[in-house]
Amino acid sequence: MQIKYFIQDVKRMLGKHKIRILHIWLSRAFCGIFIYRLERSLYLLLGEAYGVVRIIFIPILNIFYAYSNLEINYKANIKGGILVLHPAVGVVISGLSVIGSNITLTGGNIIGARKGCKNGGIIIGNNCELGANAVILGPVEITNNVSIGASACVVKNCTTDGASLIGVPAKETSTK
């Protein structure tokens, strides 16, 4: 399943210019997403034992994390179509996250947890976009097609499809 998702990730990174495949494999975003998909596959294959096995690979993983500036926990359940526009700014995704397909991360994004957040406590729907430095702190549930503005901090649920969230704490804006 992770291979299918990785193919969706690559297709989304390429956009309409398929020739980008010649250089995209060296990009920061590609490396970070590749490592996440690899680790996620091993976790799904080995279960909780992967947490012990991965200790051997931590020095190598840290090099990839440092190069890509993406730290996506292998326990995070993310469907295909991840797009990171500016990975140099950094992205962190908690292992407590369940994220739908086609998420767009602009850079400087954190999807993390507050005290009391349990596994699966951060739910983000399909086709969501996070502006630069946007933060989501769970437990929280965000529906499909939601746009989160730059530097917004989401701490409450958003149940309106297609909503825009801005501010600190993030509030839904009027679409009139």
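The values are calculated or read from the model by the stated rules, or taken from the named source; none is laboratory data. All figures in this text were calculated on a predicted structure; none of them were measured in a lab. Because the Cβ atoms are built from the backbone with ideal geometry, glycine has one as well, and the counts that use them run over all protein chains shown.
Return the residues of region 61-109 that are under 14 Å from G125 (Cα atoms) and polar (S, T, N, Q); say none if nothing qualifies.
N77, S97, S101, N102, T104 - these are the residues of region 61-109 that are under 14 Å from G125 (Cα atoms) and polar (S, T, N, Q).
Given region 28-139, what helices (runs of 4 or more DSSP H) lie entirely inside it while holding 2 or more residues that are surrounded by 20 or more Cβ atoms within 10 Å (Cβ to Cβ)? Lay out the reasoning, then the answer.
Working: elements: 28-46, 50-53, 58-68.
In region 28-139, 28-46 are the helices (runs of 4 or more DSSP H) which contain 2 or more residues that are surrounded by 20 or more Cβ atoms within 10 Å (Cβ to Cβ).
Working only within region 6-26, note down all residues that are at pLDDT 80 or above and either assigned to a helix (DSSP H, G or I) or within 13 Å of I82 (Cβ to Cβ) (or both).
The answer is F6, I7, Q8, D9, V10, K11, R12, M13, L14, I24.
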